[in-house]
Each structure stands twice: as structure tokens, then as C-alpha cells.
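Presented below is the structure to which this report refers.
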Amino acid sequence: MEDFKKILKPKAIEFKTEIDGENPEIYNINYDLWTLKLTIGFNEINNPIYVIFKNVSGFRVLDEGNLLEFWDTEVRVPGWIWKIESGGWFELEKLRDGFLAQHFGDSHNEYLVGGINDCVSVIAESEPIIINIQ
């Protein structure tokens, strides 16, 4: 089991955005078969930021306390949205033969939006689009 845990040690890189901050509040999650839209905010809801993913293969929402391996000082990187290079949810799903997305080469990526209370992992074919309503 320990060898398995070493394989799944996360490696994350910061997904660069023009929005500074760490750990926003995730206010709303909306999925309509074409897009996944997260409404987030830093300090107040009056200035919503939309994070939109297209071509989503899957997403999950977990309390940040259930993702402790990502808060390890060797794993944690700056920012509030990360691209997960290895050891994340996508890697876990690849262990299942029935997870077909693993057979599409490098077309899928995993992103993690780290929120104050909840975090959203997303497996998608495209990078997120971030819209800051100011």
C-alpha cells in the first residue's frame, strides 16, 4: 500500500491567471453538459469571477480537509487554480480499466480549484476560461 501512495503523490503546477489570491470561496457550480461554470470570489460575492471549463469528462467537489496531500509543503504551489501533472484524481481514475478517457492520449488534463471550504477537481480537454466581472 505504501508503494501505491508514493505513485499517487500529487505534483501540481500553478495555472497562471491575472487574478491574484489564494483560496477563493466557491459560491456556485453549474454543469449543463457543454460547460462547467464555477462562480468564485475573493473576500466578497460582489465581484464574482467565473471559471469555465469546456469538454469536461468529469468533476468532483470535496471539502479541502479531504485533500490533505495537496496542502503538503512539497506539493502546494502558489495560486488558487492548479494544473495537476500527476498523482491526482485523474491518476486514480486511470487505475480503472473502464475509464475510457485514459486512452485518448494527452487530450485530457486535470485542474484543481482550491477553495476555502470546498475544492473542485476537473478533468477536461481544454484549459479553463477565467472571466473577472469588475
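The values are calculated or read from the model by the stated rules, or taken from the named source; none is laboratory data. The structure presented is a predicted model; accordingly, all values stated were derived computationally and were not measured. A quick note on method: Cβ atoms are made from the backbone with ideal geometry, for glycine too, and the neighbour counts reach across all protein chains shown. Side chains included, ligands, DNA and RNA excluded: accessible areas come from the protein's heavy atoms. Shrake-Rupley method; radii C 1.70, N 1.55, O 1.52, S 1.80 Å.
Quick look at the numbers
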{"read-out": "Cross-chain or 6+ apart pairs with Cβ under 6 Å, region 117-134 first and outside any strand (DSSP E or B), then open to solvent by 70 Å² or more (accessible area, probe 1.4 Å)", "value": "Glu125/Asn55; Ser126/Lys54; Ser126/Asn55"}
{"read-out": "Region 62-92, residues that are among the aliphatic types (A, V, I, L, M) and in contact (Cβ under 8 Å) with a residue 12 or more places away in the chain", "value": "Leu62, Leu67, Val75, Val77, Ile81, Ile84, Leu92"}
{"read-out": "Per-region count, region 72-85, residues open to solvent by 50 Å² or more (accessible area, probe 1.4 Å) and part of a loop (DSSP other than H, G, I, E, B)", "value": "5"}
{"read-out": "Among residues of region 31-57, those that are surrounded by fewer than 17 Cβ atoms within 10 Å (Cβ to Cβ), assigned to a strand (DSSP E or B) and either at positive phi or among the polar types (S, T, N, Q) (or both), counted", "value": "1"}
{"read-out": "Meets criteria (open to solvent by 70 Å² or more (accessible area, probe 1.4 Å), at pLDDT below 85 and in contact with a Pro (Cβ under 7 Å, 6 or more places away or on another chain)) for Glu69", "value": "yes"}
{"read-out": "Meets criteria (surrounded by fewer than 16 Cβ atoms within 10 Å (Cβ to Cβ) and modelled with pLDDT of 85 or more) for Glu2", "value": "no"}
